[in-house]
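All remarks here apply to the structure that follows.
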Amino acid sequence: MKAWTLNQPGPLESRPLMFAEMPAPTPAEDEVLVKVHACGICRTDLHVVEGELPVRRSPLIPGHQIVGRIAALGSLVNDFAVGDRVGVAWLNRTCGVCRFCRAGRENLCERAMFTGWTVDGGYAEYTVAPAAFTYRLPDSFDDIQAAPLLCAGIIGYRCLRLTGIDENQWEGARLGLYGFGAAGHVCIQVARSRGAEVFVCTRDRERHQALAHELGAAWVGDADAEPPVMLDAAIIFAPAGELVPLALKAIGKGGTLVLGGIHMSPIPSFDYSLIYGERTIRSVANNTRDDGKKFLAEAARIPVRTHTQTFSFGQANDALIALKTDAVRGAGVLVID
Ligand SMILES: [Zn+2]
Ligand SMILES: [Zn+2]
């Protein structure tokens, strides 16, 4: 098969991903072999390729928003058939026995494996994944539309959950979103369908701010702008620590600030008054399979419409450069065939 491999992390401008020919992987007994049709690009891929996340495997095939069809089954897999359309996401495998797995918090598993970081991912014609961590995808999404749901969508969903706003409190809730890329543009659709008013702070007037207006934001401003109302909760998707004190300033008493990224630049120190009044800051780390299933069902019900910009299989480095320079509107997707 053909695949993109990372041998040595480095700045994207040096085009660190290499196009290689290699044997297709063989599924283990509990795995499925997936013929990849589309793979979403994610800011985490950028952090992996540029080395902000430590190297966990080398060479590595990145990519963790994989949509494809099952081409072969391991001997123990009996809940899927060859030809089934499936999605493979970031959480690749958990141990099932650590204190987190036993407590229903498998996203924090001590021995978790991650697609496109600790195991090979989907910038390739084929990939393997454990059947138990493979999602069935609602028919209403085509392959390209479905890809960004698998990380950007699921993580945004978990961020909404961790705001602490209950199901029956969403109507009229005021939510701030900082950064408006792939995750933000799905998250706003879920929040609005629940009845929230959404205030978006983001750089890039031409693409990100325009898309936020189009998707019904109550107000849109620059990354460091102050929303016109006190927010009940906010989510920071941008990897910029300097946004933390700004977002805290915009949140009312008792509100929660959720940090949605896997990596963030250092957070500047700030005055205690910004967090006093029982404001909470919490990060989101990965997701559980339950988050994934519930999100996909809600996304189909709404229905969420992903705005995608496609790149051909040969353009993996270019796609990540576009993501890095804010040149992608909505979510970027590599189309493998
Ligand atoms: Zn575990
Ligand atoms: Zn991701």
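The values are calculated or read from the model by the stated rules, or taken from the named source; none is laboratory data. For clarity, every value in this text was computed on a predicted model and none was experimentally measured. Don't worry about glycine lacking a Cβ; one is built from the backbone with ideal geometry, like all the others, and counts go over all protein chains shown. For accessibility, only protein heavy atoms count, side chains too; no ligands or nucleic acids. Shrake-Rupley method; radii C 1.70, N 1.55, O 1.52, S 1.80 Å.
When the dipole is taken about the Cα centre of the chain, and only Lys, Arg (+1) and Asp, Glu (-1) are charged at their Cβ, what size is it in debye, to the nearest 20?
Dipole about the Cα centre, nearest 20: 460 debye.
So how compact is segment 278-337: Cα radius of gyration and Dmax in angstrom?
For segment 278-337, the Cα-based Rg and Dmax read 15.8, 51 Å.
Compute the length gained on full extension between residue 95 and residue 78: take 0.36 nm times their separation in residues and subtract their Cα-Cα distance, giving the result in nm to one decimal.
Result for the pair: 4.1 nm of gain on full extension.
Given a 1.4 angstrom probe, I'd like the percentage of the accessible area of the chain that is carbon and sulfur, rounded to a whole number.
Answer for the chain is 49 percent, counting heavy atoms of protein chains only.
If Lys and Arg each add +1 and Asp and Glu each add -1, what is the summed charge of the other residues whose beta carbon sits under 12 Å from the beta carbon of residue 83?
The answer is +2.
Cβ under 10 Å from residue 63's Cβ, residue 63 left aside: what net charge do those residues give with Lys, Arg +1 and Asp, Glu -1?
Around residue 63, the surrounding residues sum to -2.
Give the Rg/Rh ratio for segment 190-302, taking Rg as the radius of gyration of the Cα atoms and Rh as the Kirkwood radius, to two decimals.
Using Cα coordinates only, the ratio equals 0.97.
Let me check I've understood the local charge: for residue 310, count other residues with C-beta under 14 angstrom from its C-beta, Lys and Arg +1, Asp and Glu -1. What total comes out?
Charge balance near residue 310 sits at -3.
Between residue 305 and residue 1, what FRET efficiency comes out of the Förster formula 1/(1 + (r/R0)^6) with R0 = 25 Å and r the beta carbon distance, rounded to 0.05?
0.20
So, R0 is 35 Å and r is the distance between the beta-carbons of residue 324 and residue 69; what FRET efficiency does that work out to, to 0.05?
For R0 = 35 Å, the calculated efficiency reads 0.70.
When only DSSP loop residues count, what trypsin sites (Lys or Arg not before Pro) in segment 268-337 have their Cβ near at most 15 other Cβ atoms within 10 Å?
Hits after loop and neighbour filter: 305.
Leaving ligands, DNA and RNA out of it, rank 201, 101 by accessible area with a 1.4 Å probe, largest first.
So, going from the largest accessible area down, we get 101, 201.
Would you tell me the accessible area of residue 139, worked out with a 1.4 angstrom probe on the heavy atoms of the protein chains, in Å² to the nearest 10?
150 Å²
Over the chain, what relative contact order in percent results from Cα pairs under 8 Å that are six or more residues apart?
Relative contact order here is 19 percent.
How far, in nm, would the chain grow between residue 210 and residue 102 when pulled straight, counting 0.36 nm per residue and subtracting the alpha carbon separation?
Fully extending the segment from residue 210 to residue 102 adds 34.5 nm.
Amide H neighbours of residue 126 under 5 Å, counting only residues 5+ apart in sequence or on other chains, H built in-plane at 1.01 Å?
36
Once the convex hull of the alpha carbons of segment 1-148 is built, what does its volume come to per residue, in cubic angstrom?
115 Å³
Count neighbours as other Cβ atoms within 10 Å of each site's Cβ, and list the GluC sites (Glu not before Pro) in segment 173-279 that are DSSP loop with at most 13 such neighbours.
278
Accessible area of residue 204, 1.4 Å probe, to the nearest 10 Å²?
40 Å²
What are the extents of the Cα atoms of the chain along their three principal axes, in Å, largest first?
Over the chain, Cα extents along the principal axes are 56, 43, 36 Å.
Residue by residue through segment 80-91, what is 3J(HN,Hα) from phi via Karplus (6.51 cos²θ - 1.76 cosθ + 1.60, θ = phi - 60°)? Round to whole Hz and write x for glycine and proline.
Each residue's phi maps through the Karplus curve to give 10, 10, 4, x, 4, 7, 9, x, 10, 10, 5, 6 Hz.
Using heavy-atom solvent-accessible surface (probe 1.4 Å) with all chains present, what is the largest-first order of 308, 288?
Highest to lowest solvent-accessible surface, that is 308, 288.
From the protein chains alone at 1.4 Å, what is the descending order of accessible area for 55, 67, largest first?
Highest to lowest solvent-accessible surface, that is 55, 67.
Roughly how many Å² is the accessible area per residue of segment 184-337, as a whole number, for a 1.4 Å probe?
I get 43 Å² per residue for segment 184-337.
Once the Cβ-Cβ distance between residue 271 and residue 14 is put in as r, and R0 is 51 Å, what FRET efficiency do you end up with, to the nearest 0.05?
The calculated FRET efficiency here is 0.80.
Just how far, in whole angstrom, is segment 117-188 from segment 306-332 if you go by their alpha carbon centroids?
17 Å
Quickly estimate the mean residue ellipticity at 222 nm for the chain, helices only: each DSSP H run with n ≥ 4 gives -39500 (n - 2.57), and the total goes over all residues, rounded to 500.
Helices in the chain give a 222 nm mean residue ellipticity of -6000 deg cm²/dmol.
So which GluC sites (Glu not before Pro) in segment 28-132 end up in coil per DSSP with only 13 or fewer other C-beta atoms within 10 Å?
Answer in residue order: 29, 110.
For residue 307, enumerate residues with amide H under 5 Å from its amide H, sequence gap 5+ or separate chain, H modeled in the peptide plane.
Sorted by chain and number, the residues that satisfy this are 331.
Taking the alpha-carbon centroid of each part, what is the distance from segment 265-294 to segment 39-77 in angstrom?
Between the Cα centre of segment 265-294 and that of segment 39-77, the gap is 26 Å.
How big is the accessible area of residue 265 in square angstrom, nearest 10, if you roll a 1.4 angstrom probe over the protein chains?
Its accessible surface works out to 40 Å², give or take rounding.
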